[in-house]
Structures are given as structure tokens and as C-alpha cells.
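The values are calculated or read from the model by the stated rules, or taken from the named source; none is laboratory data. For clarity, every value in this text was computed on a predicted model and none was experimentally measured. Methodologically, a virtual Cβ is constructed for each residue, glycine included, from the backbone with ideal geometry; neighbour enumeration extends over all protein chains shown.
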Amino acid sequence: MFSSFLLHTWIAATLLAIAAGSLGYFVVLRRSAFAAHALPLAAFPGGALASLLGFAPLWGLGGFAIIGVLFLRIFSRLGRRDVAMGLLLSSFLALGGLFLSLGREYAARVYGLLFGEVLGISSASLLPLALLVSVVLLLLLWQFPILLLESTQPELANAHAISSARIEWFFLLLLALVSAAAVPVVGTLLVFTLLVSPAAAAQRLSRRPYHAWALAILFAELLSWSSIALSYWSNWPLSFFVGIQGAALFLFSRIFARN
Amino acid sequence: MPAFSVSTDPVLEVSNLCVRLGGRQVLQDISFTLNKGSVSALIGENGAGKTTLLRSILGIQPWQKGSIRVLGKTVRGQLSQIGYVPQKIAFDPYLPLRTRDLVALGQTGRHWWQGSDTAAVADALAAVQAESFAEQRVGMLSGGQQQRAVIAHALARRPRLLLLDEPLANLDFASASRLVELLGVLARKQGISVLVTAHDMNPLLPILDHLVYLVGGRAAAGNVAEVVRSDVLNRLYGYPVEVLQHRGRLLILPKNPQQGLEIPCHVHEDLDEHD
Amino acid sequence: MTDPLHLASFLHNSAVQTALWIGALAAILNGSMGIFTVLRQHSFAGHALGDGSSAGGAVAIFLGSAALWGFLGMAWLAALAMGALGLRRARERDLATGVVLGATLGISALFLYLDVSSTQASGATVEVMFGSIFALDPQLLWPTIILVGVAIALIVLLYRPLLLIAANPDLGRAAGLPVRRLELLYLLLLGTAAALSALSIGVILATALLLGPAASALRLTRRPWQSFLYAQGIALTAVLGGIYLAFMSYYWSGGASWPVSFFVVLLILLLYLASAALASRRRAKH
């Protein structure tokens, strides 16, 4: 199970879990589970367009995730933020559907983009992925204390001349980058489980920020490694194990933290 | 004006009420009685158990010991006799309800599938002087107007008992004194028994008949002169306090300033509201 | 060319007729339920029920039974799970919704994979996620009519208490309403609405159909009844118009028709923007 093409998956998943666990910590703190679900879906048409026109999917995914952030900003001003999020994900998915329907191999592409295709990770895509993940991590570490303060005590942060709107922009952009990186591995639909479940479990088990953050990364690694292993042995899709084990992780942490 | 029944039955009778919440004794041995057409205040700081007591009267919060009787019966089945105004009302600006619609929703009470009685709605709107904004969306009104809309919502079922949770918080002086006046009129003219929770009794003093003073889940009840006395309050607080009077206003302070530092919240909040 | 809009061939096509009926029923129910969902800020829950129902559709295809029952069963299960995991506190609700969503999507991933690999249903993913409105079995029409009829009857009967607990649950409790049971009923109705849109226009569009028309309607009126009628009208316009445009696209694009979901979502977005513009013009006038 460590043969060369699967090795790419291991490396990609390990890198991803670091980024997803770190950022997921803030997703849970900022109660942004819906955003963490909507932005990967916003990346979907990018993947579809890439397969239609034949360029590297990472560019399409990243580009559309960032367009999704812009869409969110504009529509949040028009009305409810959660409505804006719902409209974002539906309309971008529909756009992706249109792109895919114009090309060939419609059905197979749809499944791959929505639920991931582990074997689609080539050695050429590992370098951009590693770059993307390190950029996200560096940006996150650079702003960690400010992000932490703004996420937990926005009034106090505002008093320190930290703009909530700018922090939100920053956070959504990081989320867009992680989404773009994660889509090829777990698929658009299940990226958010990797973001939310480990971090939610970690925050139930520890109240200390850096401790919980490290725990979130650890849980994200365990979740993705065990999913790859189970997927390899059973030949069932990776995203199934991510979804189910993510839910189990959350339930266990809930039971464990209560006792 | 219909003749009210001549019976002297109390409208609300709370006796020896004990409530435990999550292993903590929130209310301990609370007893008091409310008569028809009276205004009473439930005074206490945050966490003293005011909201829990209101929720028990409404039958939302179960209790372990004691009894609550509304018009001589248990609360269940008497809910249509009680109007309730929760604290911190802030309706969604998108809520597709005009003030008139919100009031009509209150009037139907348990029989929500029946049509609305327009006379009762009009009376309730008139009672709180909400006619001028009856056709506006409730979510678009100011805080004070929203509160009056909810009072009209509660009045629309023609209750005998009106409960208001912290109605004076977040109101400016003018709106607060207007509300106090309104509550006095409801009690005297319509014979409704009014029970108000508050941090500070002073704004209510002009209309207050009865006081329930809560400290840490225990209470002293009676009229203002009976309750706001240093001997009664000493027992309640468990340390010596003194009552200062200034131009008809009352201020309760610990005798020993050290204790004031340890348990500062109600004193500070009282002062804040006067500043 | 006597019929440049191809209306005759559109309306006489039996697949189109079934599509129009089921689409219209889904639109009416989603428009109505959307009012409560937008007011309660339950968009994520509404979306999760739609996405979650995809697992049911995938299981139904695997078992070879009608997709409607799969969508419905899973949407109701997810609604009950979300109710049990806690809807009270906003923070918990968000996480509980996310976890239920993750689990159901995982199940979808598995069964869609199994559908494709073992039952030769190669179009299963597209069918479940993007809908297959022109391939609906006409036999589903009656069950759909009954489901929507019952759901709309419940909404008409209970819209006052449902609106009151959406406005402020404490006022509902004080009025003696069984708030918890009403909330569970609301979730089950929401699941029904989600399952029907999943069946007709696809899982991914369920969210837009639920939220878009209702959010537009809530801008345009302050009366409770009107808000429901407006939402239903906007939802109907989007779905029926989207079906028509998709049908027409066959003629424009030289034989490769564009997906219905694309046109429906486009109309929903345009109507949402139009309502925002209309509301701000009205505000400027006052």
C-alpha cells in the first residue's frame, strides 16, 4: 500500500491535514462550518473548466474558490450572509455542471470532482500542493494571535484597531486556498469534514488554544491516514471513510468530554 | 368596563418553591402572593434566579418542591390567563409580520387555529399606544416600540397576569418612565396583576405595591417598607448592608466597603443605571 | 417557422409534462418552507438536508427502488438526527449540522461508487446530484402530489405557530405551544421539501430553490400571507422558466442541451438581485 502512486496520496494527504487541521481550528472558533462547506463547492466549476479546456486543475480550483469569496462579499452586502452562502454553492455547482456537460466523460468527472479521486494525484501536482499548503501555514502562523483574538473576542480586537472585516477576508481567502488544495484528494463535498470534525473534537477535549490547535492537526492526520488505509484495503472510496470517521470522531469527543 | 369577579382569590400564589438546575440550587423556599390589579417587582442581580422564577410560573421550568397556583389552579391550562414579555426582544428585520399581525398571534393563545378577534387586537394596540406603527414591520421598529408591540401581543389574550422580564433594561429614561406609567395604568384600570423583574427598583417605585427581593436564590417579600430594611436585607445577604435614601430613591450598599468589593455587581449596576 | 418558441412541442412532450408538474410541486413546497428557513437562519440545515438526501437517492439506485423514497427516507432520518444532536444553541447547531452532513455525504460517496461499479448505473452521480428532471417516472406524480398536498395543508394549518416560534420561541412557549414538537415537524417538512427538489432539479439546486425565492419574497412584503405567495410565485417562475430554457437550449446549441439546474439557478439569482434592487428603490422613495 506504499507503492509509488499511492505514495503521492500519502504525501498529499499528510500535507493537507496539516493545513486543514490548523485552519479548521478557526473554522470552529468562528462558527464558519457553512463557509467551510460552501467554498470548496465554489471551487467545483474551476475543476470542471480545467478538465474542459485541459489545464492544471489546481489553477481552476483556486481561481474559482477566490471568485467564490468575492461573490460571498458582494451577496453578503445585499442581504443575509447564510442566504448568500446557499446561493453561492448552488450557483457555482450549477455552473460546474454546465461546464462538465459541455465536455466528454461527464459522469466520471462529476464523481471525481464531487467525491475525490485519490489516484488522480500525480507527482507533478505534489509540488504546487506543497507550496500552497506552506503559504497557507505561513500566513496562518503570521496572523495566529490576531486571528485568535478576533475570533474569540471581536470587540476587544476592534479596540486594538483590528478590523473584523479584513480578518474575515483574510480567513475566507485562506479557506479558499485550502479548499483548492484539498478538492483533488477528498472531493469538493467532503473537504469541510476534514476541516470541521478534527477541530471540533480537539476543542471539546482541550481549552488551551495552542494545545487544541495541535490536537486538531493530529486528529486531521489520523483521520486522513486511516481513511486512506481503509480505502486501500476495502477498495471503497476515500471520502466515505472521511465522512463516516469524521462523524464518529465528533461523537466520541462529545461522549468523552462529557464524562 | 366589565365587573371583575369579587372573589379575593390571589392571582398568583407561589409557596415554598425550590428549583435545582444542573446541580445548583437556583431558587430556595420562595413564597409570595400577587393580588388582582397590583404591580409587583422581582428585584435581584444577574443570576439571582429571576428568569428561572418567571419560567417556573410559565410552566417552562420544572421545579422540585413547592407549588405555583395561578387563579387558584395549576399553571397548566391557565396559560391563556398569563401574558409574557421576554427580555432582549429584537425581531428579525425580515420577519414578515406587521405589529398588528404579531398582536393577533398573541391573542389566539392556545386556540391558534381560530381566526383572530379584531376587537381584542385593537384594544391591545390602543392600550400600548401602538396604533401609529400598527402597519409597520415589527423588525423595523425601535427597541422601545418592539417592546410595546410584544406587550400588546401579551395583552391580546386579555390576561389576568402579565409577566415582564427586565423590561426597563436598554430603555432610555423617557421610554422607561413611559413604560412604568403604562404598567400602572394596566394594573389600576384593567385590573391586570403585573410582575416585573429588574435590577433596580427605583424607576418602578411610583407604581410598586409589592416587592420580591432575590439574593442568591432566596427571597424576602412584602411591600417596599417591609422588605427594604437593613435587618431584612442583612439576613438575605448574610452580611451587614445599609439602605440609603435620597429624594425618594433607594440605594442598598454593604456596610463594610470591603464586602462591597467582593460582591460588587448589583451595587455597580444600580449606580450605572443612575449615571 | 410557425412556432419559433417551440411552445407546442414543449407542452406536448410527455417527459416535459411530468417535469413541469413535479418541478412545480417542488417549487411550491420549497418556496413556502424557505420563509421559515430564512427567518430562522437555518440555511445550513436546509442545505444539509438536501445534500444528505443524496445518500438516500444513491442507496435507492443501488437497491433498484424508486429514488423518491430514498431521498425522502434519508432526508427524514437526517432531520431526526439533527433534531436529536441539538438545534437549540446556534454554535452546537452549526457543528451538529456539519457532522450529519459529513456522514450522509460519506454514505453517498460509497453508494454512488457502488452504483457505478456494480450496477452499471453509470449516470448515477449526475442523476442524484444534478437531477434528471426529463427522465422522471410519470408514476411518481401521484405520490408527489399527495406529499406536497399534506405538507402544504400542515403549513396552512400551522403557519401561525410556526411563524411565532420562528420570530421568538419564548413567545411560543408562553402561548402554550409545543415548541419542540413544532420544531421537529418543521425539520421533517424541510426534509420533504429538500427530497422533492433533489428528485426533480437535483441535490445541488435544492439549497438555491429553498433560500433564493423566500429571501427575495421577504424583501418585498411585510404581510405573512403575501410572503408565502410571493416565494411560491418566484420559485415557480424559476423552475418552470428553467425547464423551458433548458428545453429551448437544445435548439440554440445545436443538439447539446444545457442542464436545467444551470437555468433554474440563473433565474433564482436574477430574481434575487431584482428583488434587492426593487426593495432599495422602494426604500429610497419613502
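Structure above, values below:
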{"item": "Some residue of segment C:82-102 being more than 10 Å from chain A (Cβ to nearest Cβ), part of a helix (DSSP H, G or I) and touching a residue at least 40 places away in the same chain (Cβ under 8 Å)", "result": "yes"}
{"item": "Residue among C:Leu177, C:Leu209, C:Leu189, C:Leu205 that alone is within 24 Å of C:Pro143 (Cα to Cα) and more than 14 Å from chain A (Cβ to nearest Cβ)", "result": "C:Leu189"}
{"item": "Of all residues making up segment A:1-60, the number that are in contact (Cβ under 8 Å) with a residue 40 or more places away in the chain, in contact with a Pro (Cβ under 6 Å, 6 or more places away or on another chain) and of a type in the set (A, V, I, L, M)", "result": "1"}
{"item": "A:Glu150 surrounded by fewer than 16 Cβ atoms within 10 Å (Cβ to Cβ) and among the acidic types (Asp, Glu)", "result": "no"}
{"item": "Subset of segment A:243-257 that is modelled with pLDDT under 85 and of a type outside the set (Phe, Trp, Tyr) - its residue that is surrounded by the fewest Cβ atoms within 10 Å (Cβ to Cβ)", "result": "A:Ile255"}
{"item": "Segment A:196-243, residues that are away from chain C (no Cβ under 14 Å) and not in a helix (DSSP H, G or I)", "result": "A:Ser206, A:Arg207, A:Arg208"}
{"item": "Residue check for A:Phe92: part of a helix (DSSP H, G or I) and more than 10 Å from chain C (Cβ to nearest Cβ)", "result": "no"}
{"item": "Condition check for B:Gly47: under 22 Å from B:Ala219 (Cα atoms), more than 14 Å from every other protein chain (Cβ to nearest Cβ) and not polar (S, T, N, Q)", "result": "yes"}
{"item": "Residue among C:Ser275, C:Ser197, C:Ser280, C:Ser216 that alone is without any contact (Cβ under 8 Å) to a residue 40 or more places away in the chain and of a type outside the set (A, V, I, L, M)", "result": "C:Ser280"}
{"item": "Segment C:119-166, residues that are in a helix (DSSP H, G or I), within 25 Å of A:Ala108 (Cβ to Cβ) and touching a residue at least 24 places away in the same chain (Cβ under 8 Å)", "result": "C:Ala124, C:Glu127, C:Val128, C:Met129, C:Phe130, C:Ile133, C:Phe134, C:Ala135"}
{"item": "When residues of segment C:204-233 are limited to those that are aliphatic (A, V, I, L, M) and over 30 Å from A:Phe44 (Cβ atoms), the one surrounded by the fewest Cβ atoms within 10 Å (Cβ to Cβ)", "result": "C:Leu229"}
{"item": "Sole exception among (1) buried (at least 24 other Cβ atoms within 10 Å of the Cβ); (2) over 12 Å from the mean Cα position of the chain (by Cα) for C:Leu5, by number", "result": "(1)"}
{"item": "Index of the failed condition, B:Leu102 passing every other in (1) surrounded by fewer than 19 Cβ atoms within 10 Å (Cβ to Cβ); (2) within 10 Å of chain C (Cβ to nearest Cβ); (3) free of Cβ contacts under 8 Å to residues at least 60 places away in the same chain; (4) not aromatic (Phe, Trp, Tyr)", "result": "(1)"}
{"item": "Count of residues meeting criterion [of a type in the set (D, E, K, R) and away from chain A (no Cβ under 14 Å)] in segment C:126-147", "result": "1"}
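Let's see how each residue does on (1) modelled with pLDDT under 85; (2) exposed (fewer than 15 other Cβ atoms within 10 Å of the Cβ); (3) not in a helix (DSSP H, G or I):
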{"position": "B:Ser177", "(1), (2), (3)": "no, yes, no"}
{"position": "B:Val185", "(1), (2), (3)": "no, yes, no"}
{"position": "B:Leu214", "(1), (2), (3)": "no, no, yes"}
{"position": "B:Glu226", "(1), (2), (3)": "yes, yes, no"}
{"position": "B:Glu242", "(1), (2), (3)": "yes, yes, yes"}
{"position": "B:His266", "(1), (2), (3)": "yes, no, no"}
{"position": "B:Asp270", "(1), (2), (3)": "yes, no, no"}
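Table: residues versus (1) in a strand (DSSP E or B); (2) in contact with a Gly (Cβ under 9 Å, 6 or more places away or on another chain); (3) within 14 Å of chain C (Cβ to nearest Cβ); (4) at pLDDT 90 or above.
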site	(1), (2), (3), (4)
B:Pro10	no, yes, no, no
B:Gln61	no, no, yes, no
B:Pro93	no, yes, yes, no
B:Gly109	no, yes, yes, no
